[in-house]
Amino acid sequence: MRKFLQAALIGIVSTLALAACDKKEAEAPAPVAVEVKMPTTSTDRPAWKAYLVDVVKRNMSGVTSGRPYMYFVPGGEEQALQDERINQLENVRTVVARTVLPGNMMAFGGPDSKLTGDLIIDAFKDAKAGAFKDVIVLFIGAAADQPRVQEAVAASGATFRFVEMK
């Protein structure tokens, strides 16, 4: 009987100790996410992609799908970069032609706001009126490019969001 009481006492003390540990962990404040700063050079692709992902994560309100459609539009005039933008444009045109389900987001950004804006405008010029109802189109760019991109997206019925690069 004595051994049973000792085992029961050890069990109770252990349970209380573990419960106290869980309580301390639960009370610890959640880590604060540090905002990723915009890269200072247009050629640092990994830094640009990290920046754009951070901006997209901070603007996901209203998105009910698991993952947004994210498009990195490279800057620069080298032939390889121009070819990459042409391929990206064809990819986006295909997505726009097929439409996107409500609750999704299409996010666009890159080091050259004008080129990114041009890609969005070209991709949405043949979008069916109202086909993007309840879809969010996020443009990460310069304030000077916002109005023309917003106008190009408006006919599709998408919710347009703009975040100024900074």
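The values are calculated or read from the model by the stated rules, or taken from the named source; none is laboratory data. Predicted, not measured: the structure shown is a model, and the values here were computed from it. Neighbour counts run over all protein chains shown; Cβ positions are idealised from the backbone, glycine included.
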Scan the range 147-159 for residues that are touching a residue at least 24 places away in the same chain (Cβ under 8 Å) and not in a loop (DSSP other than H, G, I, E, B) and jot them down. R148, V149, A152, V153, T159
Scanning the range 49-68 for residues that are loosely packed, with under 14 Cβ neighbours inside 10 Å and in a loop (DSSP other than H, G, I, E, B), the one modelled with the lowest pLDDT turns out to be G66
From the options K57, K114, K128, residue that is more than 23 Å from P39 (Cβ to Cβ) and charged (D, E, K, R): K128
Quick check: anything in the range 100-113 of a type in the set (S, T, Y) and either assigned to a strand (DSSP E or B) or more than 19 Å from the chain's Cα centre (by Cα) (or both)? no
Would a scan of the range 120-140 turn up a residue that is at pLDDT 95 or above, within 22 Å of T40 (Cα to Cα) and assigned to a loop (DSSP other than H, G, I, E, B)? no
Pull out all pairs, ordered by first then second residue, where Cβ-Cβ is under 7 Å, the residues are six or more apart or on different chains, the first lies in the range 36-58 and is under 14 Å from M165 (Cα atoms), and the second is of a type in the set (D, E). V36/D54; S42/D112; D54/E35
